[in-house]
Amino acid sequence: MSEAFILIPGRTSRQGCGISEGKFKEAYQAETSVLQIAPQDMQRLGLVAGDRVRVTSEGGMIEVAVQPAKSDELPSGVLFIAYGDLSSRLMSGDTHGSGMPTSKCLDVRLEPLEKSSIDPDEKA
Amino acid sequence: MNASQAKEASADLKVVSDATCTFCGCVCDDIELTVDGNRIVKAKRACGLGTAWFLNHEIEDIPSCLIEGKAAPVEQGIRRAAEILTASRYPLIYGLSDTTIEAQRVAVAIGDWIGGNVDTTTSVCHGPSGMALQGVGEVTCSLGEVRHRADFVMFWGSNPAESHPRHFTRYSLMPKGVFVPRGRKDRTCVVVDVRKTKSAKAADVFLQIKPRGDFEALWTLRALAAGIPLDAEQVRQTTGQPLSVWEDLMQRMKAARFGVIFFGMGVTMTRGKHANSEALMALARDMNRYTRFTCKPNRGHGNVTGADNVVTWRTGFPFAVNLGRGYPRFNPGEYTASDVLARREADAALILASDPMANFSQPAREHLRSIPYIALDPKQTPTTQHAAVAFHVAVYGINVAGTAYRMDDVPIPLRPAFPSPHPSDLEILTGIEREVRQIQQAFA
């Protein structure tokens, strides 16, 4: 069963350093492949760090590992992911006449994937 | 290593003073680089992002030119690139933000010769702010003025602690300036954001607003600046903060001697986009009824501000310019790269110093992958991976001299640390322009 969230893709220090190190290197790939969720939302959904979820937007769908956001960085109902291939997959091609795809505060639905169906080697 | 060997080794090291970091829009030009042959081993005064930038750009052992994934002589790649561009009916030139203004200038010239569509990464960064300033103007200043004068500094939808790590210490919060002699103690810092970011820790006041509430929050402040009474419950519901909080903020803004609002992509990438930027710029303008107040977009790429300037010099418009009719037309939403690709209009592209195959929407990426394009980048990226012609180029500011514009439109010279065997963007683009002209003249 999926639940509505607002997703904010954004820059992080590690993602920025990863660009210089190389986008195919592990540091960049790891930083851009994790979804941050408010700890209270993780608890409510029965998720622990490393569990995988499906995130669907108007523009696309991804499957990604989760981790709790640090301290009180995210309010309940808001998700964060570092800019990268996965965040781009959720953007729509429509820019509403502005040239800028809506790239922050995206409406998404989040669905935890059944743990039994997850290959532990795939966990980020 | 004994003492004499250490001395000998250190004698081989070269020190480059006042080097310029071109990773982000701060364009810090006080970096001291220690260079060991073809490798930077130390970047004194650089932040984490700057250190990663300088220490990870060694000479890459990859061919300077690949045609359809196979190594080829650079001149052959230049000729193939010119053939692709001149055969195209709707060529797109995109990127430009991570190279010198000298190279940007030639990229726009190629666009002009081939009647192409020229757009920069500004369109997916502060393009909406560029649209907004055409509507309401921009009350602006240099970062030097902020350093020496600003006693009220607000960051809105911007997280410089992670995106521009030296912003606080070099320009906006910590420096002791002529009119703020006690530095941080003489300044009030306000952060407005949906997330409680790392930057929020640096603030005297942090306002966590409702997601997508920027437009309403900014217009709340505009109304308060104009003395218009507001419905407290409506304000709380639309902004996520009570009216009293906004009234307190307005009092602080009015009491400032020199205020500045730095704003980021939390404003431009969220629903409302240029309407959000317009509200913010108009607020800065409104505040000049009470005191000196300015606003500045926190620009991301090292020379994205240069791209705005160069495209404006050459065409009269900052981005989203179509030259297909022999004269420039400006229309974001029509001539912006995201749209031109997602609508499957472009049939060839020249991608310079950017990575749309990683950063664009899926429909735009799928179309780019389906057309022949040329990519110039110092590193292997998803964009170079799928290019018909890929040039691996020398790095601006590390291997290549030239000029970059800081986010406040101040031009900064680049002081390279060591040469590269790979050609520069400028050399490749100059070659492509020459070949394009030869092909066109042959068919004239």
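Every number in this text was worked out from the coordinates using simple rules, so none of it is lab data. Keep in mind it's a predicted model, so treat the numbers as computed, not measured. Cβ atoms come from the backbone with ideal geometry, glycine included; neighbour counts cover every protein chain shown.
Would you list B:313, B:53, B:246 from fewest to most Cβ contacts within 10 Å? Show your work: numbers first, answer last.
Numbers: B:313 12, B:53 27, B:246 21.
So the ranking, lowest neighbour count to highest, is B:313, B:246, B:53.
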Over 29 Å (Cα to Cα) - which of B:42/B:379; A:104/B:254; B:198/B:254; B:185/B:273; A:23/A:104; A:70/B:379 fall in this group
A:104/B:254; B:185/B:273; A:70/B:379
What average count of beta carbons from other chains do you get within 10 Å of the Cβ of residues in B:266-272?
5
B:176, A:23 arranged by Cβ crowding within 10 Å, fewest neighbours leading
B:176, A:23
Could you tell me how many cubic angstrom of Cα convex hull volume the range B:258-382 has per residue?
141 Å³
Mean projection area, nm², convex hull over Cα of the range B:376-444
6.8 nm²
Partner chain Cβ atoms within 10 Å, averaged over the residues of A:101-110 - can you pull that number for me?
6
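Can you put B:381, B:403 in order of Cβ neighbours within 10 angstrom, beginning with the fewest?
Numbers: B:381 23, B:403 17.
Ranked by crowding around the Cβ, least crowded first: B:403, B:381.
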As a Kirkwood estimate from alpha-carbon pairs, chain B has a hydrodynamic radius in angstrom of 23.1 Å
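Helix-derived [θ] at 222 nm for chain B: sum -39500 (n - 2.57) over DSSP H runs of at least 4, divide by residue count, nearest 500? Intermediate results must be reported in sequence, preceding the final value.
On the way: 18 runs with 171 residues, N = 444.
Roughly -11000 deg cm²/dmol at 222 nm, from the helical runs in chain B.
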To one decimal place, what orientation-averaged projected area in nm² is obtained for the convex hull of the Cα set of the range B:158-230?
6.0 nm²
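Give the Rg/Rh ratio for the range B:18-166, taking Rg as the radius of gyration of the Cα atoms and Rh as the Kirkwood radius, to two decimals. Mind dumping the intermediate values first?
Values: Rg = 19.9 Å, Rh = 19.2 Å.
Dividing the radius of gyration by the Kirkwood radius yields 1.04.
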What is the distance in Å between the Cα centres of the range B:184-254 and the range A:27-94?
27 Å
Apply the Debye scattering formula to the range A:3-114, with a single equal point scatterer on each alpha-carbon and no solvent, then give log10 I(q)/I(0) at q = 0.16 Å⁻¹.
-0.71
Please say if the protein assembly as shown is rounded, prolate or oblate, where rounded means a/c under 1.5 for a ≥ b ≥ c the square roots of the C-alpha gyration tensor eigenvalues, and otherwise the choice is prolate for a/b larger than b/c and oblate otherwise?
rounded
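Could you rank the peptides A:79-92, B:431-444 by their average count of other C-beta atoms within 10 Å per residue, with the highest value first?
Working: A:79-92: 22.1, B:431-444: 14.9.
Output ranking for A:79-92, B:431-444: A:79-92, B:431-444.
Can you give the charge dipole size of chain B about its Cα centre, rounded to the nearest 20 debye, using +1 on the beta carbon of Lys and Arg and -1 on the beta carbon of Asp and Glu? If you can, show how the numbers build up before the last one.
Numbers: 50 positive and 46 negative charges, 261 e Å.
Magnitude of the dipole: close to 1260 debye.
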Alpha-carbon Debye profile of the range B:127-297, log10 I(q)/I(0) at 0.17 Å⁻¹
-1.02
